[in-house]
1. Within segment 33-90, report the trypsin sites (Lys or Arg not before Pro) that DSSP leaves as loop and that have at most 12 other Cβ atoms within 10 Å.
2. Taking the Cα centre of the chain as the origin and placing charges on Cβ (Lys, Arg +1; Asp, Glu -1), which of Q260, T159, A184 is farthest toward the positive end of the dipole?
3. Just the number: Rg to Rh for segment 228-297, Cα atoms, Kirkwood Rh, two decimals.
4. Which of K246/K292; K216/K256; K38/K246; K100/K256; K117/K165 have a Cα-Cα distance over 25 Å?
5. So, with +1 on the Cβ of K and R and -1 on the Cβ of D and E, and no other charges, what is the size of the charge dipole of the chain about its Cα centre, to the nearest 20 debye?
6. Calculate the dipole size of segment 99-218 relative to its Cα centre from +1 charges on Lys and Arg beta carbons and -1 charges on Asp and Glu beta carbons; express the result in debye to the nearest 20.
7. Cα atoms only, segment 172-301: Rg and Dmax in Å?
8. What does the convex hull of the alpha-carbon atoms of the chain project to on average, in nm²?
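Readers should treat all values here as calculations from the given coordinates under stated rules, not as data from a laboratory. Quantities reported herein were computed from a predicted structural model and do not represent experimental measurements. All Cβ positions, glycine included, derive from the backbone under ideal geometry; neighbour counts span all protein chains shown.
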Amino acid sequence: MENQSTDDFQFDEKGVGPDGQIPFGGAWTLIKLEALEKYLKAFNNALSKQRFTRIYIDAFAGTGYCDIRVNGTKTSIEGSARRALAVEPAFHKYYFIELKPRKLAALRAVVADYPEKTVDFLQSDANEALKSLCTKYSWQNERAVIFLDPFGMEVEWPTLEAIAKTGAIDVWYLFPYSGLYRQAVKDTDSLDPSKVAALNRVLGTEAWRQEFYGQKRQFGLFGTNEGDERTVDHHEMLNFVSTRLKGLFPAVTEPKILYQGGDLDNPVGPPLFALYFAASNPKPRAYGLATKIARGILDTL
C-alpha cells in the first residue's frame with residue numbers, strides 16, 4: 001500500500017461512493033468503535049473524582065446499531081450511541097444528533113432501555129447542531145467528548161473551529177480519507193465546482209490547490225498548458241490534513257489509517273479513513289493525558 005498511487009485504487013459498485021460514502025461497515029468499523037469505547041471509559045474514569053459535568057455528543061448517531069461485512073460475513077453490531085450509553089462510569093448528559101427521522105426513531109427505541117440516562121435528541125444537520133452546542137455552555141464546569149463519524153465529507157471546517165474554541169472538548173474524527181483523494185482528481189480539468197466545494201468545506205482553505213497541484217509536464221496538442229495536474233500522492237494529501245488539524249487544536253494524534261478490506265489483523269485494499277484524536281483543552285497537563293490515553297488505545301488496534 002505504501003507505494004500505491006490513488007489512481008490504482010479500484011472500487012466495485014458496492015464500494016466507496018465518489019464523496020467517500022460507504023454503504024456498509026467493515027473491519028474499520030470495529031476499530032473505530034473499539035477506540036471510541038475504550039476512550040470513553042478512560043475519560044470518565046479520569047474525571048470521575050472531579051466536579052465537571054461530563055457530556056457525550058454523537059454527531060452522526062444513526063440507529064444505535066450498524067451492519068458490517070468482514071471477509072464476506074455480514075452481521076449487526078452495537079454502534080457508537082449504544083456503546084456510549086453502556087459506558088461506566090456514565091456521562092451526565094448525552095446528545096445524539098441525527099438528521100434522518102427513521103434512524104432517529106430507531107435510536108429512541110434503543111435509548112428507552114436506559115431510562116436513567118439524560119439524553120437529548122437533535123434532529124438536525126450535524127454542523128449546525130454542533131456549533132449551537134458549542135455556544136450553549138460556558139465550558140468552565142463542563143467537559144465533553146464528540147464523535148465525528150460522517151458518511152462522507154459532511155464535516156465543515158467552521159464546525160471544527162467551534163469545537164476547538166471551547167477548550168473543553170475531546171474529538172474523535174473519522175476523516176474521509178478516500179473522499180479526499182477521490183475529490184482531488186488527477187487533472188484540474190476534471191476538478192468541477194462540487195469537488196472544489198467539498199475540499200474547501202472539509203479543509204477550510206483553498207491552499208490545497210497550491211499544495212496538491214502543479215503545472216503539467218506535458219502540453220496540449222497546440223503546445224498550450226491545459227490546466228494543472230496533481231503532484232502529490234495520497235500520503236502527502238493526508239499530511240496536509242494533519243497539519244491543518246494541528247494548527248487548530250492544541251494536540252492531535254497521528255492518524256490511524258483504516259482500509260477497505262481484510263480483518264483487524266490483516267487489512268487490505270485502499271485506505272478509506274484516517275482516525276484522528278484531537279484535544280481542545282490548551283492546558284499541557286490536560287491534553288498531554290488525553291493524547292497519551294488516545295495514543296495508547298490506537299497503538300493496540
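1. Numbers: sites: K38, K41, K49, R51, R54, R69, K74, R82, R83; in loops: K49, R51.
Taking segment 33-90 and a limit of 12 other Cβ atoms within 10 Å, the loop trypsin sites (Lys or Arg not before Pro) found are K49, R51.
2. Checking the options against the dipole of the chain, the answer is T159.
3. Values: Rg = 14.7 Å, Rh = 13.8 Å.
Expressed as Rg/Rh, it is 1.07.
4. On the way: K246/K292 16 Å; K216/K256 33 Å; K38/K246 23 Å; K100/K256 29 Å; K117/K165 28 Å.
Pairs exceeding 25 Å: K216/K256; K100/K256; K117/K165.
5. Values: 36 positive and 38 negative charges, 280 e Å.
Computed about the Cα centre, the dipole is about 1340 debye.
6. Numbers: 16 positive and 16 negative charges, 51 e Å.
Its charge dipole is roughly 240 debye.
7. Calculated on Cα positions, Rg and Dmax stand at 17.6, 62 Å.
8. Working: hull surface 65.6 nm².
With the hull built on Cα positions only, its mean projection is 16.4 nm².
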